[in-house]
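Below is one structure; the comments refer to it alone.
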There are 2 protein chains.
Amino acid sequence: MSIRMNCAFAIYVCLVSASGVAVGGESLEQMSQDPNQWVMPGGDYSVNRHSKLNQINVDNVTHLQVAWTMSTGTLRGHEGQPLVVGDMMYFETAYPNYVYAINLDNVERVAWKFAPKQNEFALSVACCDFVNRGVAYADGKVLAIALDGHVYALNAKTGEVIWQATNADPELGQTMTSAPLVVHDKVIVGVSGGEYGVRGHITAYDLNSGKQVWRAYSTGPDEEMLMDPEKTIDGATQKPVGKESSLKTWDGEQWKLGGGTTWGWYSYDPNLNLFYYGSGNPGTWNPTQRPGDNKWSMTIFARNPDTGVAAWAYQMTPHDGWDYDGINESVLFNLDSGGESLPALIHFDRNGFVYILDRRNGKLLRADKYDPTVNWASRINLETGRPEVNAQWMTEAGKNVKGICPAAEGDKNMQPVSYDPQTKRVYAPLNHICMDYQAFSIKYKAGFPFVGAVVEMYPAEGGNRGRFISYDPAVGKTEWEIKDMFQDWGGALTTDGSLAFYGTLTGWFRAVDVHTGKILYQFRTPSGIIANPITYMHAGKQYVAVLSGVGGWAAIGLAADLHKSSEGLGGVGLTASLGDYTNLGGTLVVFALPQAGDQTTALLRSSPSSDKKGD
Amino acid sequence: MSIRMNCAFAIYVCLVSASGVAVGGESLEQMSQDPNQWVMPGGDYSVNRHSKLNQINVDNVTHLQVAWTMSTGTLRGHEGQPLVVGDMMYFETAYPNYVYAINLDNVERVAWKFAPKQNEFALSVACCDFVNRGVAYADGKVLAIALDGHVYALNAKTGEVIWQATNADPELGQTMTSAPLVVHDKVIVGVSGGEYGVRGHITAYDLNSGKQVWRAYSTGPDEEMLMDPEKTIDGATQKPVGKESSLKTWDGEQWKLGGGTTWGWYSYDPNLNLFYYGSGNPGTWNPTQRPGDNKWSMTIFARNPDTGVAAWAYQMTPHDGWDYDGINESVLFNLDSGGESLPALIHFDRNGFVYILDRRNGKLLRADKYDPTVNWASRINLETGRPEVNAQWMTEAGKNVKGICPAAEGDKNMQPVSYDPQTKRVYAPLNHICMDYQAFSIKYKAGFPFVGAVVEMYPAEGGNRGRFISYDPAVGKTEWEIKDMFQDWGGALTTDGSLAFYGTLTGWFRAVDVHTGKILYQFRTPSGIIANPITYMHAGKQYVAVLSGVGGWAAIGLAADLHKSSEGLGGVGLTASLGDYTNLGGTLVVFALPQAGDQTTALLRSSPSSDKKGD
């Protein structure tokens, strides 16, 4: 263990000093408290995706209009969201990963555009379309990743590259799709490639220089995982993880191809100075080929952002046999429990269980099925912290196990939920799908698929493939649901206007009454929505913005023009009819209310007549 | 001369029999009189692009909203328009030339989609982006062309191919971009490739069988041009064209590479049973290399649709030295002249003159500069029908002639005007650009560029590259103009609501008061507009629809990622900053008025709550 671990676990001591560290004047955390802006992918560090704005509300949302639109110039899946920092908007497209900056005072002109030069080999190893989940902002810099594994810090004023770092190597199957998280002076980024034998890691780069500060692998020796055998807590047991907690759960050196990639969303607690993220599936998808728990794949990690050292780790799906990546967001909230208000996190896992953990130590507080069709495990044992797997639906090499629920895409994938502190409910865009899963043995070759299973996915009971629900975490209950034909693959936004916003795979963008689930407004955007709405205030007017642009695993058949249902990791057949409803194409769509008696163009605060001199 | 010419010129006799021939019940002409529909690319045979609808009008257009949108799934230039036939909408995208059918009762689902298999070699010879100008409809069939030279008749109900014909060969530089015209049982199509030594032709296919009925070349022997030396009238002289009127205007066999391609819009007069179209530039762009008038390039033709035989031909730019293609639309209207109402056509030519001809015989009635900067000719001599060329701006091999106005893209290119019979004005989206033109000798090689000039284009006086004007054809006067930064490269629509609609290259879609030129409404569509708005009525509600999707010659730098101003036939430098304003990406955008107190979603007549069962 190195010096950098010395203060790693003094979490109860470090609380005060870690909180609210300023980054170039006003801290990012302070900025995120201003509802006029949307300065982080998740809105704020808690990743609540909730806004205190209420100019648009249940009473007037039926009058919502499209204020302006902008094609992104790209066709593939848009899984991100714009940021709004002051008067500026920033967003990133699907590959080729253009980054656009727009001055909201003059949206007809792109302030700057960044187009990274990329290693096109990335296109041959990106498993599930060429998606992107957005940029981060900090200290006058826009932080962006490119599919080919590069991280860029761009001058937020000019788009010029301040520094770039190489975080992943497509030749080894590594790509990048996720939005960075900036904490203090660290830019934290993950890696994709769980289907290519990639050994997952999370890495911090210095915000000012771009130099790598630390890297923490999901598997392997303690030192490389930045785990302290005596201090890092196993959430399941509430005991230290002990020596080589990963190595002993793998056969030989399989951990080197061990997966546990880190392509989801990252949240952060400034008080605890811990950030939270999940790791993905172990490699390969064939469980017979890799005996053991395969730690720390399928795990929620809490780490110190300054050192990378793990405070705790909780593995949700030991020895995964279903591709139930654990990368989904962990939303920070306070759980009312027996008169107490516990600092908790809530995590809708791909495996169909919603986990509520004490975010201080990873202790499991609740785990409930959020889809009644879940059958691979009967329950999560709160004592052991482990799932009670139903042997009938455990997979193994050479056997086609049918009727497993949920499917590999999960009962929810990375499409992020929103937690509304007013209603104390989670609004979750979900999948509702099952699968047949036939594992087989496969040999690793760098840069080639290392999947080891043929999967067929199909709708779960009822025929609808998606649901949008209101969920009460205190009692583990779904309060209402909207059934959708296809997976709800875009994220949610809630506001103090008592509204939840989300989009469907066919392109409907909706505003829903948080109390009743009634759809109050919907608009048909150009393409299917797999991105995440945000809201902001500009010049006294509230706007809601979302990227429309179908793709991703849910739409891989449409995106990659695949037609055999077993292609695209089994995602093709599930949405084979999606092309009857929508087309590829990235567009930013921005909504607002009209002012009484004004022109639609007033939504933009632009005077049509002034355009006579030129546009 | 063959038998098929026997009745070709009995135009005064055939009037009655030719008018209103029914095609499967109600005739296409009758259908085009129903303002609820938009059954032809130009609205009706006159290509007025005017609608009698007035639900949306000057008094309420400020409340216009986007009703729905649909990505076309393609990135290149969209120069077409939807058709509306009954409850169905049909439109075609840029390459790969998808054809979509949408039932307007259920716009969330594509009724059918046709994706032609194409010879990708077409991509290497399409001069100016991979644009398309739309489909035609007749008798339960949707007629579509593909860039690679195929013509398809699709079952309008199912999208199945009823027949296909091969009209062009990309290996010879031939491509197709224009919308077909259907008259009686003939499907009339043109050809592109004037920059590849293509010998232009216009061809009719049998609507029911797809068999070629006739083909008329723009250059060559009389028989192949379907010209009758004794009966085909030369519009300029009002005398018969005489024998081999084309051959004698070319050096040797140069007419075989003679250009005169036919990629514009076609209008038709049912009473005269004549259709009208223009031919493009002669090959090469180097005039020194091809002495003579180079007939019949740069010509407005009137032909019999049943036989193809030419009634008259009027050459606007003999011995072109500027690439002033004559392919622009000829709009049929009645000219008030000395108490008479003459059957006329009006043609805003690329060369900067607006021609008004008697459409019975091609007689030149008026020719006026519609942009005061035009300098290549001082005037069109009404006696000779020929331009009086200013020697200073005539081009020749080896000389860089500077400051020629207009530039090769013309003072107007194929973006079609609208004639409003209420105001008797033409509403014209125009360019406002000049050029330096350096011709050079070039050798022909099949499938390779045969351009022979280096051109640099730039804004004309005032700095704006585009104008939208109201023009009074009776007196040859511009009444008002809107100046736009870039070329106005999309077409116009007028309505009985006293509105003119058009879009800008940066993506503004505008409604303008036809009387004053005041912009009453504008909306920022996802991409730049080079397409043509239409309007229709569905279930009692008027809609206005336009394809947003920048590209074409005006945006070739953006579309093809070219950066040297001399690339893209000189079109790159002119719009080098366009990428600061807009991005590629095809989207159908449909506008409507909200109903009093209703929800925006009511624009679609869809009930949000009904969607709870799935979308």
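Please treat every number below as a calculation from the coordinates, not as lab data. Everything numeric in this text was worked out from a predicted model, so none of it was measured. Every residue, glycine among them, receives a Cβ derived from its backbone with ideal geometry; neighbour counts consider all protein chains shown.
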Cβ-vector label at 7 Å, A:Lys477, separations to other copies in nm: 7.9
Histogram of C-alpha separations across chain A, 10 Å bin width, %: 4, 18, 31, 29, 14, 3, 1, 0
Coordinate range along principal axes, alpha carbons of the protein assembly as shown, Å, largest first: 104, 59, 56
For residues of A:575-585, the mean tally of beta carbons on other chains within 10 Å: 5
Gyration tensor over alpha-carbon atoms, the range B:53-132, equivalent ellipsoid semi-axes in Å: 30, 17, 10
Range of Cα positions in the range B:85-230 per principal axis (Å), largest first: 53, 35, 18
Fewest-first sequence of B:Cys405, A:Cys434 by Cβ atoms within 10 Å of each Cβ: B:Cys405, A:Cys434
Coil-residue trypsin sites (Lys or Arg not before Pro) of the range B:420-461, DSSP, other Cβ within 10 Å capped at 10: B:Lys443
Virtual spin-label span in nm between A:Ser341 and B:Ser341, 7 Å along Cα→Cβ: 8.0 nm
Test item: A:109-116 mean partner chain Cβ contacts at 10 Å: 2
Inter-site label distance for A:Asp561 and B:Asp206 at 7 Å from Cα along Cβ, in nm: 3.4 nm
Rh by Kirkwood over Cα pairs, then Stokes-Einstein D for the range A:103-176 at 1.567 mPa s and 4 °C, µm²/s: 97 µm²/s
Calculated [θ] (222 nm, deg cm²/dmol) that DSSP helices of n ≥ 4 give over chain B, each run adding -39,500 (n - 2.57): -500 deg cm²/dmol
For A:587-593, mean number of other protein chain Cβ atoms within 10 Å: 2
J(HN,Hα) series, the range B:186-198, from Karplus relation 6.51 cos²θ - 1.76 cosθ + 1.60, nearest Hz, glycine and proline x: 10, 9, 9, 9, x, 8, 10, x, x, 9, 10, x, 6
Relative counts (whole %) of C-alpha pair distances in the range A:277-391, using bins that are 5 Å wide: 2, 12, 21, 25, 19, 12, 6, 2, 1, 0
q = 0.18 Å⁻¹, the range B:179-305: log10 I(q)/I(0) [Debye, one scatterer per Cα]: -0.94
A:Gly264 long-range amide H proximity, modeled H, under 5 Å: A:Gly278
Computed over the range B:431-558, Kirkwood Rh from alpha-carbon pairs, angstrom: 16.7 Å
Alpha-carbon Rg/Rh ratio, for the range B:190-233, with Rh computed the Kirkwood way: 1.05
Förster radius 41 Å - calculated FRET efficiency between A:Ala397 and A:Ser124, Cβ distance, rounded to 0.05: 0.95
Backbone N under 12 Å from the A:Thr288 label point (7 Å along Cα→Cβ), restricted to the range A:364-403: A:395-401
At 7 Å out from Cα toward Cβ: B:Glu230 inter-copy label distances (nm, ascending): 11.6
Label distances, nm, B:Lys117 versus same residue in remaining copies, Cβ-directed 7 Å point: 3.9
